[in-house]
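The values are calculated or read from the model by the stated rules, or taken from the named source; none is laboratory data. As the structure is a prediction and not an experimental result, all values here were calculated from the model. Here the Cβ positions follow ideal geometry from the backbone for every residue, glycine too, while neighbour counts run over all protein chains shown.
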Amino acid sequence: MSRIFVLFALFLCLSVSLFAQTADSTPIKETYPKVKTYLSFIIPWVTINKNTTTYEFQSATTIGFPVGVNVYYRKSFGFSYEITPSVAWSQPAGKTGTSKTSNLLFDPGPIFRFDHGFNFIPRLAFETQGRYGFTPVFNKVYLRTQDADYWFSVSLPVRFGNNLPASIGANLQIGFTFN
């Protein structure tokens, strides 16, 4: 099931980039502050701590569904408020597969905006599983249309707490911001 979901997500992203029409290129004077919302999904590729290295799709699959509000104060700076519920699927050997909501993450942070659609977002992180930390996010807008901006991010979550070893991971996030 998880491979089908990943293939469907890749197909959706490629379809959007191949068939979407770009907006009129007439420059419009931007006014600030400006508020935009977004939807996305995030897949953790790997998580590493001093005891183990866990790869996505190894024994379970976790997918997060971040939703957020960005407040832009000027062209080069804003602030992002993101909430991410996560769903985990697993199928222990010889047992029926199960799924459950596994975590809720609140991760606010400033947005540093650069030319050509690049953004850097150093986020704080607070999880309902009792973990906390920070997440540097490297974001790139790959398509702008009149209705939405399509983007992807690579993030490196660093987590502490809940009597677990400190960890670092790598995630892929794909989403769109409503214009």
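Assorted remarks:
- Residue list for region 80-101, filter: assigned to a strand (DSSP E or B) and either on the phi > 0 side of the Ramachandran plot or surrounded by fewer than 18 Cβ atoms within 10 Å (Cβ to Cβ) (or both): 81, 83, 85, 87, 88, 89, 90, 98, 99, 100, 101
- All conditions in (1) within 22 Å of residue 138 (Cα to Cα); (2) at pLDDT below 65; (3) surrounded by 14 or more Cβ atoms within 10 Å (Cβ to Cβ) hold for residue 20, with the sole exception of (1).
- For region 32-69, the tally of residues that are of a type in the set (Ser, Thr, Tyr), assigned to a loop (DSSP other than H, G, I, E, B) and either surrounded by 11 or more Cβ atoms within 10 Å (Cβ to Cβ) or in contact with a Ser or Thr (Cβ under 8 Å, 6 or more places away or on another chain) (or both) stands at 2.
- Per this entry, residue 124 is not counted among residues that are surrounded by 13 or more Cβ atoms within 10 Å (Cβ to Cβ), in contact with a Phe, Trp or Tyr (Cβ under 8 Å, 6 or more places away or on another chain) and outside any loop (DSSP other than H, G, I, E, B).
- Conditions (1) assigned to a strand (DSSP E or B); (2) surrounded by fewer than 15 Cβ atoms within 10 Å (Cβ to Cβ); number of the one not met by residue 116: (1)
- Qualifying residue in region 112-123 (condition: of a type outside the set (A, V, I, L, M) and closer than 21 Å to residue 160 by Cα): yes
- Of all residue pairs spaced 6 or more apart or on separate chains, those with beta-carbon atoms under 8 Å, a first member in region 95-116 that is closer than 17 Å to residue 79 by Cα and a second member that is among the basic types (Lys, Arg) and surrounded by fewer than 16 Cβ atoms within 10 Å (Cβ to Cβ) are 113/75.
- Of all residues in region 153-179 being in contact (Cβ under 8 Å) with a residue 40 or more places away in the chain and aromatic (Phe, Trp, Tyr), the one that is surrounded by the most Cβ atoms within 10 Å (Cβ to Cβ): 176
- Of the strands (runs of 3 or more DSSP E) lying entirely inside region 128-174, those carrying at least 2 residues that are over 14 Å from residue 47 (Cβ atoms) and among the β-branched types (Val, Ile, Thr) are 132-144.
- Exactly one residue out of 56, 30 is charged (D, E, K, R), modelled with pLDDT under 95 and touching a strand residue (DSSP E or B) at 6+ places or on another chain (Cβ under 8 Å), and it is 56.
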